[in-house]
Amino acid sequence: MQARLIHRFLQCLLIAFCLMATDLRAADDLRAMVDALGGGSFQQNQKQVEALAKTGDPKIVPALEALAEGDLYQRKADGTVFIVKPAGANFKLIDALTGDEVGEEAKAALEKVKVNNGLRRVIRGALGGLTLMSPDTSVRLQAAGTILRTPTADALDGVETALAAETDGAVKAMLEKARAAAILVSDRPVAEKKAAVATVAQTGGRDSLSLLSAALASADESLRPDIEIGIQQIEDQLALWAAGQNIWYGLSLGSVLLLAAIGLAITFGVMGIINMAHGEMVMLGAYTTFVVQQVIRTSFPGLFDWSLAIALPLAFLVTGAVGLVMERGIIRFLYGRPLETLLATWGVSLILQQAVRSIFGPTNQEVGNPSWMSGAFELGGLTVTWNRMWIILFSLAVFAFLLFLLKKTPMGLQMRAVTQNRRMASSMGIRTPWVDALTFALGSGIAGIAGVALSQIDNVSPNLGQGYIIDSFMVVVFGGVGNLWGTLVGAFSLGILNKVLEPYAGAVLGKILVLVLIILFIQKRPRGLFALKGRAVEA
Amino acid sequence: MITSFLAKALGRNIVVTVAILLTLAALVPALNLLTAPDHPLHVPTYIVSLFGKYLTYALLALALDLVWGFCGILSLGHAAFFALGGYAMGMYLMRQIGARGSYGNPLLPDFMVFLNWKELPWFWHGFDMFWFAALMAVLAPGLLAFVFGWFAFRSRVNGVYLSIITQAMTFALLLAFFRNDMGFGGNNGLTDFKDILGFNIQSQGTRSALFAASAVALALSLVITSGIVRSKYGKILVGVRDAESRTRFLGYRVEHVKLFAFVVSAMMAGVAGALYVPQVGIINPGEFDPANSIEVVIWTAVGGRGTLIGPIVGAILVNGGKSVFTAAFPEFWLFALGGLFILVTLFLPKGIVGTVRQFVERRREYHKAKAAEEARAFAAAEPQAAE
């Protein structure tokens with residue numbers, strides 16, 4: 001009863017819409033054609049879609065798209081075709097031409113307009129031709145791109161008409177490529193195909209490669225060499241991009257290594273303290289981020305994008321304070337006995353690990369990415385994720401900050417003086433114990449900052465630090481102790497070496513090879529890449 | 001020559017310790033096997049296994065002490081030598097399973113059948129013979145130590161740098177043994193052993209025999225290290241530890257001195273590993289973990305480095321403490337271990353045995369000085385009395 005009422009109402013509504021339409025007859029025709037899609041066989045529907053495409057009316061685009069997606073349904077009662085959206089147990093009905101919502105209907109009262117791959121192909125071609133003439137530039141560009149990726153001989157006419165009418169440069173270039181791709185699959189003469197091969201080869205990319213490979217199978221003799229050259233050209237280009245991608249991954253790994261090692265470059269490199277608890281400082285920094293995000297989540301959800309900015313100084317303070325306590329409480333009694341320092345700081349690392357495990361539990365904690373760090377963008381053939389990008393920039397910024405601090409500030413001057421000649425520095429009135437403590441706190445604080453960044457790409461668990469400790473020592477030793485630039489070069493060269501080896505040797509074997517290479521390298525240059533010269537070496 | 005080596009080796013402390021170890025080697029199995037389970041002197045089998053394990057740890061600590069305590073090389077890679085020895089023994093035990101594995105393949109161990117391997121890799125040949133496996137348990141770590149030490153000592157990598165690259169070595173091996181393609185059972189390692197030399201590995205008798213073997217091996221190694229340390233070569237070893245450059249300038253080939261100690265130490269660690277595996281029943285790549293190497297260092301430090309008895313005492317104390325602690329308050333074991341690291345380095349740099357020895361020597365000197373003073377006072381008083 002109710003259904004009938006709604007039906008009536010809808011019919012009235014429909015009539016009203018029809019009356020309102022400016023071109024009443026054409027709209028009527030279109031609606032009849034769309035409605036005819038319901039209940040037709042696949043072949044009939046293909047013809048129907050082609051007929052719809054011939055009208056060139058952009059109004060039918062949503063209906064065709066819905067058909068391809070399988071969202072087009074016919075109401076059993078009156079044969080009207082709707083686009084539907086699931087709404088609970090019912091379907092929400094959307095008018096196929098105007099896009100207005102026109103009510104709901106039980107699922108059982110609707111029948112799906114069936115679609116198969118053959119029909120989908122026809123729809124795609126039709127859509128391409130339709131949207132190519134759209135007044136919106138971005139829509140045209142997208143349509144041309146679609147044809148480029150899935151070219152059909154049928155689309156060729158449409159592309160050429162559009163090309164003749166096109167005025168926008170970018171769209172025109174895309175259309176040229178799409179035309180070339182379409183020519184390859186059509187039965188145009190050889191000369192035209194040759195030009196098309198050249199254009200496709202120039203476009204490059206995996207799609208063009210598969211397009212050319214497909215064309216190679218069915219091409220005749222005179223065309224073959226051209227296609228082979230084109231394939232070669234694209235393959236070379238792809239290899240270049242792959243190498244570029246590897247180097248990018250290498251840079252990304254290098255930045256992680258740099259972040260992990262740069263605090264160690266201060267505590268171990270400058271002060272000569274073997275700080276085995278360095279990894280735990282990184283871990284504390286990551287947990288600080290976690291706590292900051294927890295507080296933000298519960299109390300100030302609006303500030304989430306600022307969580308890292310808030311966590312940075314806090315992590316610096318927390319780990320710096322831990323470092324200060326460590327230096328004053330333990331390490332200052334062990335100067336001049338590096339191996340004992342190693343053992344004592346290892347003890348500290350065990351205690352910190354267990355403390356974090358007792359407080360936060362042994363499982364991974366969830367640290368979220370702020371919105372500006374998620375997602376990725378394409379750069380030529382490279383996929384660049386934002387978080388990796390930011391971490392590379394951040395590691396370089398930390399490096400620059402540290403370099404500035406050491407070379408241009410009074411504190412840095414005092415630090416360097418104390419490392420180079422403790423007694424002379426002391427005679428000049430520098431309070432060497434305080435400089436020691438502050439330097440160690442600085443190194444630890446930097447490790448904490450690194451932890452904030454690494455929390456974005458790694459699992460935040462009590463074992464976080466252990467994964468970095470050996471790598472960090474390798475970087476510092478490889479780069480040369482006491483030299484910040486050495487750490488920078490060491491981190492990035494080890495990162496890139498690791499990632500370049502990976503495709504040939506596999507991830508684990510690559511890492512083993514790098515370790516073996518470092519061991520061999522240290523035999524050759526026991527003081528690392530950039531060794532300090534002079535008396536400082538002997539100390 | 002051997003007699004003079006022995007004569008020098010057997011100081012009083014060493015004789016006492018060796019005697020204790022040999023007595024234990026006889027007594028503990030006897031008390032385990034010959035007494036009834038409800039007898040007050042009965043030693044349960046699990047205790048025999050547990051202390052057998054401690055003895056292999058003690059042997060490992062002793063090996064580390066030879067290079068660290070006497071030569072100043074802090075190796076953070078001794079777990080690698082230990083694990084290599086263990087893998088050699090594990091391979092023998094694996095071959096002994098024969099057709100009794102879950103896949104029933106007479107030649108291939110289970111994990112190889114699982115990985116669909118058709119034939120035995122070349123490096124598994126020969127491990128069906130006990131003598132070969134035993135030889136490999138010593139040679140493989142020895143060879144690794146020789147090659148590694150040859151390069152490292154020749155280019156004068158020392159101190160902290162050496163510690164770090166030994167750590168890198170064991171880390172690289174850890175990663176390598178995790179790989180299935182290596183042919184050592186990958187992640188799961190080697191386990192499910194059935195018997196050793198024809199005896200069931202689970203039986204009470206075998207457990208006791210392994211305990212006795214560990215005690216005898218430890219006693220033997222103690223005599224050997226003591227002989228090395230007290231020989232002329234041992235004096236040079238200490239010279240290298242205390243003043244490497246000066247020893248070199250005196251004309252000694254420091255790298256050879258170091259290399260010898262390093263290789264002997266690695267071989268001892270290999271023996272320890274080979275005795276460890278049948279007692280715990282499994283060997284997996286986790287044994288290569290750099291953290292294990294560092295733990296060995298703390299056993300040695302607690303007992304007292306540079307003393308031969310110290311590492312044995314330290315290994316047994318720390319591991320005994322670990323067993324008690326992890327059973328009673330598992331949360332706090334890492335706190336205790338970490339605290340131990342800090343306290344020992346800060347307040348007990350010579351370890352337990354070293355501190356006791358220092359104390360005894362001070363007392364002795366004090367008494368000597370006191371006696372001398374009394375004699376002098378007596379001598380000074382004498383003439384006055386004569387006047």
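Quick look at the numbers
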| read-out | value |
| --- | --- |
| Scan of the stretch B:32-44 for residues that are in a helix (DSSP H, G or I) and in contact with a helix residue (DSSP H, G or I) (Cβ under 9 Å, 6 or more places away or on another chain), ordered by number | B:Asn32, B:Leu33 |
| Answer residue from the stretch A:60-83, given it is surrounded by 18 or more Cβ atoms within 10 Å (Cβ to Cβ) and of a type in the set (D, E, K, R) and is nearest to the chain's Cα centre (by Cα) among those | A:Asp71 |
| B:Ile47, sole failed condition from (1) in a helix (DSSP H, G or I); (2) among the aliphatic types (A, V, I, L, M); (3) surrounded by 24 or more Cβ atoms within 10 Å (Cβ to Cβ) | (3) |
| A:Gly263 within 14 Å of chain B (Cβ to nearest Cβ) and within 28 Å of A:Leu393 (Cα to Cα) | no |
| Test result for A:Phe304, surrounded by 13 or more Cβ atoms within 10 Å (Cβ to Cβ), closer than 24 Å to A:Gly279 by Cβ and of a type in the set (Phe, Trp, Tyr) | no |
| Selected residue (only one of B:Ala291, B:Ala315, B:Ala269 is in a helix (DSSP H, G or I), within 14 Å of chain A (Cβ to nearest Cβ) and among the hydrophobic types (A, V, I, L, M, F, W, C)) | B:Ala291 |
| Subset of the stretch B:159-193 (residues that are within 21 Å of the chain's Cα centre (by Cα), within 8 Å of chain A (Cβ to nearest Cβ) and under 13 Å from B:Pro285 (Cα atoms)) | B:Phe171 |
| Candidate set: the stretch B:309-348, residues that are more than 20 Å from B:Lys53 (Cα to Cα) and in contact (Cβ under 8 Å) with a residue 12 or more places away in the chain; chosen: the one surrounded by the fewest Cβ atoms within 10 Å (Cβ to Cβ) | B:Leu348 |
| Any hit, the stretch A:474-491, residues being within 14 Å of chain B (Cβ to nearest Cβ), under 26 Å from A:Arg332 (Cβ atoms), at pLDDT 85 or above and within 26 Å of the chain's Cα centre (by Cα) | no |
| Residue satisfying condition, being in contact (Cβ under 8 Å) with a residue 24 or more places away in the chain and over 30 Å from A:Leu413 (Cα atoms), within set A:Ala191, A:Ala181 | A:Ala181 |
| Index of the failed condition, A:Pro313 passing every other in (1) more than 12 Å from chain B (Cβ to nearest Cβ); (2) in contact (Cβ under 8 Å) with a residue 12 or more places away in the chain | (2) |
| B:Ala212 vs. criteria farther than 24 Å from B:Gly142 by Cβ, touching a residue at least 12 places away in the same chain (Cβ under 8 Å) and crowded, with 20+ Cβ neighbours inside 10 Å | yes |
| Selected residue (only one of A:Leu212, A:Leu257 is on the phi < 0 side of the Ramachandran plot, aliphatic (A, V, I, L, M) and under 24 Å from the mean Cα position of the chain (by Cα)) | A:Leu257 |
| Exclusive hit being surrounded by fewer than 24 Cβ atoms within 10 Å (Cβ to Cβ), free of Cβ contacts under 8 Å to residues at least 60 places away in the same chain and on the phi > 0 side of the Ramachandran plot, set B:Gly198, B:Gly186 | B:Gly198 |
| Scan of the stretch A:319-377 for residues that are over 20 Å from A:Leu464 (Cβ atoms) and more than 14 Å from chain B (Cβ to nearest Cβ), ordered by number | A:Leu324, A:Ser371, A:Trp372, A:Ser374, A:Gly375, A:Ala376, A:Phe377 |
| Any chance A:Gly125 is outside the structural domain of A:Asn45 (by TED's automatic domain parsing) and surrounded by 15 or more Cβ atoms within 10 Å (Cβ to Cβ) | yes |
| For A:Ser208: the one exception among (1) modelled with pLDDT under 80; (2) assigned by TED's automatic domain parsing to the domain that holds A:Val477 | (2) |
| Members of the stretch A:497-510 found to be surrounded by 15 or more Cβ atoms within 10 Å (Cβ to Cβ) and either touching an Asp or Glu at 6+ places or on another chain (Cβ under 9 Å) or touching a residue at least 24 places away in the same chain (Cβ under 8 Å) (or both), listed by number | A:Leu497, A:Asn498, A:Lys499, A:Val500, A:Glu502, A:Leu509, A:Gly510 |
| Some residue of the stretch A:374-381 being under 30 Å from B:Ser163 (Cβ atoms), surrounded by fewer than 24 Cβ atoms within 10 Å (Cβ to Cβ), touching a helix residue (DSSP H, G or I) at 6+ places or on another chain (Cβ under 8 Å) and touching a residue at least 24 places away in the same chain (Cβ under 8 Å) | no |
| Qualifying positions in the stretch A:38-59 - part of a helix (DSSP H, G or I), in contact (Cβ under 8 Å) with a residue 40 or more places away in the chain and surrounded by fewer than 22 Cβ atoms within 10 Å (Cβ to Cβ) | A:Phe42, A:Gln46, A:Glu50, A:Ala53, A:Pro58 |
| First in the stretch A:511-527 and more than 13 Å from B:Phe151 (Cα to Cα) and facing chain B (nearest Cβ under 7 Å), second anywhere and acidic (Asp, Glu) and crowded, with 18+ Cβ neighbours inside 10 Å, Cβ under 9 Å, 6 or more apart | A:Lys511/A:Glu502 |
| Residue match in the stretch A:441-452 (condition: in a helix (DSSP H, G or I) and either among the hydroxyl-bearing types (Ser, Thr, Tyr) or within 14 Å of another protein chain (Cβ to nearest Cβ) (or both)) | yes |
| Among (1) under 19 Å from A:Ser349 (Cβ atoms); (2) within 14 Å of chain B (Cβ to nearest Cβ); (3) not in a loop (DSSP other than H, G, I, E, B); (4) not charged (D, E, K, R) - the single one A:Pro462 does not satisfy | (3) |
| Some residue of the stretch A:433-453 being exposed (fewer than 15 other Cβ atoms within 10 Å of the Cβ) and of a type outside the set (Asp, Glu) | yes |
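Residue-wise test of (1) more than 28 Å from B:Phe335 (Cβ to Cβ); (2) touching a Leu at 6+ places or on another chain (Cβ under 7 Å); (3) assigned by TED's automatic domain parsing to the domain that holds A:Phe268.
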| residue | (1), (2), (3) |
| --- | --- |
| A:Arg337 | no, no, yes |
| A:Val348 | no, no, yes |
| A:Asn364 | no, no, yes |
| A:Trp386 | yes, no, yes |
| A:Met389 | yes, no, yes |
| A:Phe399 | yes, yes, yes |
| A:Leu405 | yes, no, yes |
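Yes/no per residue for (1) part of a helix (DSSP H, G or I); (2) polar (S, T, N, Q); (3) buried (at least 16 other Cβ atoms within 10 Å of the Cβ):
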| residue | (1), (2), (3) |
| --- | --- |
| A:Leu342 | yes, no, yes |
| A:Thr345 | yes, yes, yes |
| A:Leu350 | yes, no, yes |
| A:Gln354 | yes, yes, yes |
| A:Pro362 | no, no, no |
| A:Trp372 | yes, no, no |
| A:Asn387 | yes, yes, yes |
| A:Val398 | yes, no, yes |
| A:Phe404 | yes, no, no |
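The values are calculated or read from the model by the stated rules, or taken from the named source; none is laboratory data. No experiment lies behind these values; they were computed from the predicted model shown. Here Cβ is always computed from backbone atoms with ideal geometry, including for glycine, and neighbour counts include all displayed protein chains.
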